[in-house]
Every structure is written in C-alpha cells, then in structure tokens.
Amino acid sequence: MDGSIRVSAKTVDDAITEAMIQLGVTSDRLEYEVIEKGRAGFLGIGMKQAVIEARRKKGVEKETDILEEIKKEVKLDEKKLLNDNFKKEVKKETKKDTKRQSKEIVNELKETAAKEKKSDEKEPEKEIKKEKAAVNEKKPEKEKKFEKEKKPEKEKNSEPVEITEATKKAVEKFLLDVFQVMGMEVQLTSDVDKDGILCVDMSGDNMGIIIGKRGQTLDSLQYLANRVANKQQAGYVRVKLDTENYRVRREETLRHLAKNIAHKVKRNRKPIALEPMNPYERRIIHYSLQSDPYVTTHSEGEDPYRKVVVTLKR
C-alpha cells in the first residue's frame, strides 16, 4: 500500500504503538494489517516478532506534537489492562473469601445448634427433678412403683398443629438470611405435608455445603429452623429441610447398610456398632431390621455420640 510502513515488535500492540509514533497519528487515524502475529517461544528459543504494515487513513496528515497524545493513549490502554487484571484478582480473592466464610458459618451453625440443644435439655432438668421429688413424697409406695413400671405417655403438646402463614414466612426468612450471610443464592419451596410437617426444599449451586458430612449441617440448620418455627406459634411445630433429595437417598443408603451389617453379624456371630447417628437415622436402622428373625438392635451412648448396635439373637 502507498505511504505505508512495515513495523516489527515483540507484540502486535507494541508494533501498532511504534507505527503511530512513526506516522504521527493516533489509533483512530491509523490503518494497519497484521503480517505476522509473532510468538514468545520457549526460553527465547523460537521467538518470532510481530509484524504489521501500517499507514495513515486517507486525508489524514502528520500531526505535530502528537507524541504526548500517543503516550496518553498507550497509558490508558495499560491502565485498562491493569484494571482488568486487578478485577480478575479481586474476583478470585472474593470467591476464596466467600468459600472460607461459608465454611466458618457452617461451623458456627453446627456449634449454635449443639449449644441450643444442650441448653434445651439441661435448663428444665433441675425444675423437673424438684417437681418429681415433691410429687413422689405425697404418693403412696404402690403408686410410686406403678409410675416406675408404666411407659411414659406422649406429651399433650407433641401432636403437630396447623402451621400458620406467619410461621412459614419466618422460617423462610431465617433460612434466606443465613444463606445471604454465606454468600449463597438458594431458592426455597415450602409446603405442609399430610402429617402437618412444614417441608422446605432448597435448591441452588454448591448445596453440598448445606448438606455437610453425613447431613450434619443440614440437621443443624433444620434444628434451628424448628426453633424459629416454634417461637412463632403455640403448640408443636415440625420443620423438615431437604435438598437434592438427600433425605430419600440417605434413607436408602442406611437401609442397605443395615442389611449388610446384619449379614456380617450372622456370619461372624459378633455384635457390630455403627457410627454415631441422629435419632431419625437410628430409627431407620431399627425399623429396617425389626423383622429380621436372627438379629436384634439397640442404642448405646448419649447424643450426639449415640449409636446403634446390631447383635445376634439368643
């Protein structure tokens, strides 16, 4: 092309800058064609410079004192590149921080649930003992013996009550607040089942964080959601949390585990203790083996370390 120059440099961008300086124009008044993109090579071996052929656009003359304008333009490009790189780094660090914060919140969630549960169990203990002692003093000996032998009745408030809209919204708000602090976007679907239990299904990315190891985080979150629900209305309210159909999958896993353990007990004729489980999971093991004529089950230890032991029937 007429009035064109050929420029070579390490990169195409460097070649364009050099062409702008030589022709005395800014980038908006420059036309160029890339002849060779160039390559860095390995440790300098095989390096090839970028080559362009450039010229001023038609009707554009060389401008005097253009060097400062070109320098400004190049600096702006460099600044943009630095900003883009900075944004990428910030995004990467933010992602790391969010993940770290999520783990910290999950641990706090477990600790809070454990403390709340412990508090619930211990607070009324002294009062109950006092009341029992006072009542037992007034009862005749035969009645005391009868009280020891008879099975405990269900509490009056243990039957689930109709869940109000306010309770439902309070539980949803609590869960969404927790997820917001964790930096997670989670969708909730709430419904009351035939047994009067508020079932909340959660969906979103990285729900494994919410489930936790063997569902421990999910159980802790469910416990706290139940606390929130029961503060909203009188009576006994039950909340069940689930995500990615975890509860059903876990139940199937536990049923298979129960059968495998029973088989081992029959073969080795020795009792086997399973890992510590929550009451719901222990119940699944008991129910799965209650019809087996050769093994029996019982629980040992105290929560949260209580576990099921499978033994051979005598």
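The values are calculated or read from the model by the stated rules, or taken from the named source; none is laboratory data. Model, not experiment: these values are computed from the prediction. Here the Cβ is made from the backbone with ideal geometry for all residues, glycine too, and neighbour counts use every protein chain on show. Keep in mind that these areas ignore ligands, DNA and RNA; they rest on the heavy atoms of the full protein, side chains included. Shrake-Rupley method; radii C 1.70, N 1.55, O 1.52, S 1.80 Å.
When the Kirkwood radius is taken over all Cα pairs of the stretch 171-263, what Stokes-Einstein diffusion coefficient follows at 4 °C and 1.567 mPa s, in µm²/s? Approximately 90 µm²/s, per Stokes-Einstein. When you count the other C-beta atoms within 10 angstrom of each residue and take the mean per peptide, 263-270, 9-16 line up highest first as 9-16, 263-270. When +1 charges are put on Lys and Arg Cβ atoms and -1 charges on Asp and Glu Cβ atoms, the dipole computed for the stretch 218-295 relative to its Cα centre reaches about 320 debye. In terms of packing, defined here as the mean over residues of other Cβ atoms within 10 angstrom, the peptides 217-225, 287-295 line up highest first as 217-225, 287-295. For the listed peptides 27-33, 196-202, a ranking on the average number of other beta carbons within 10 Å per residue, highest first, reads 196-202, 27-33. Between residue 302 and residue 244, the modelled label-to-label distance comes to 3.5 nm, taking each label 7 Å out from Cα in the direction of the beta carbon.
With a sphere of radius 15 Å drawn around the Cβ of residue 51, what net charge do the other residues whose Cβ falls strictly inside it have (Lys, Arg +1; Asp, Glu -1)? Intermediate results must be reported in sequence, preceding the final value.
Working: positive: 6, 10, 37, 39, 48, 55; negative: 13, 14, 18, 33, 36, 53.
Here the charged neighbours net out to 0.
Derived from the Cα gyration tensor, the three semi-axes of the equivalent ellipsoid of the stretch 225-288 are 33, 13, 8 Å, largest first. Figure note: 251, 162, 18 ranked by solvent-accessible area, largest first, 1.4 Å probe, ligands and nucleic acids not counted: 162, 18, 251.
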